[in-house]
Amino acid sequence: MPKFLSRFARPQVFLAPLALLATALAWTLPAHADGLSDLESFLRQARQGRASFTQVVTPPRREGEAAPRSKTSSGSFEFLRPSRFRFHYLKPFEQQIVADGQTLWLFDADLNQVTARKQQEVLGNTPAALIATASDLKALSGLFTLANAPDADGQQWVLATPKSRDGQLQSVRLGFRQGQLATLEMLDGFGQRSVMQFGPLDTQAGLKPGHFAFQPPPGADLLRQ
């Protein structure tokens, strides 16, 4: 599994990419008939956003073993289409994933280590493309097979299956509640499930490209891949 994807699926290690927070400025839309309609509206109308998130990662259960323990993390997510986003994990460990339009920066505060990779070589058919970098369904359809999934938990769902089998991402489900992105659920090729629950999305955050600039902290080990 590529490091980018595996760490995105593991809260304690943090690599990957996803988004939402607001009060009076919360972005909501009228109820739609299905998840694909909600996804299309989200891609078209939410050009930027900021939100809190909670992520729960559950390893696969192996035959003859006790049910594995899930791990929970939380933080904030920001994005500015078409090429910038930031995941900032605050608990239980501080870590960041920052896409500045050219480079994907991965910062582990405990290790004081920064990994830098060319953004265009890393993102591809990842969850970040679904919620932060794609601009419309046409762009996504080249990377994923998209289909409506049955409504559940008060949400309209979209199932996204990567067309490329080069990575280890098996599938992604996106849940919308009253037109707002509420859940991102990822299943990797090893059976590990990662579920992100988003708070309300603030689409009036006034984010600018410079907000996503990243400078490695003094003394941090820098690895370029």
Inset, instruction - Please go through region 47-81 and pick out each residue that is closer than 27 Å to residue 206 by Cα and either of a type in the set (Lys, Arg) or at pLDDT below 90 (or both). - result: 47, 50, 81
Legend entry - Test: residue in region 120-130 that is assigned to a strand (DSSP E or B), touching a Gly at 6+ places or on another chain (Cβ under 8 Å) and of a type outside the set (S, T, N, Q): no
Legend entry - strands (runs of 3 or more DSSP E) contained entirely in region 145-201, each with at least 2 residues that are surrounded by 19 or more Cβ atoms within 10 Å (Cβ to Cβ) and within 13 Å of the chain's Cα centre (by Cα): 169-177, 180-188, 193-198
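The values are calculated or read from the model by the stated rules, or taken from the named source; none is laboratory data. Every value quoted in this text rests on a predicted model; they were computed, and no experiment measured them. Note: ideal-geometry Cβ built from the backbone for every residue, glycine included; neighbour counts use all protein chains shown.
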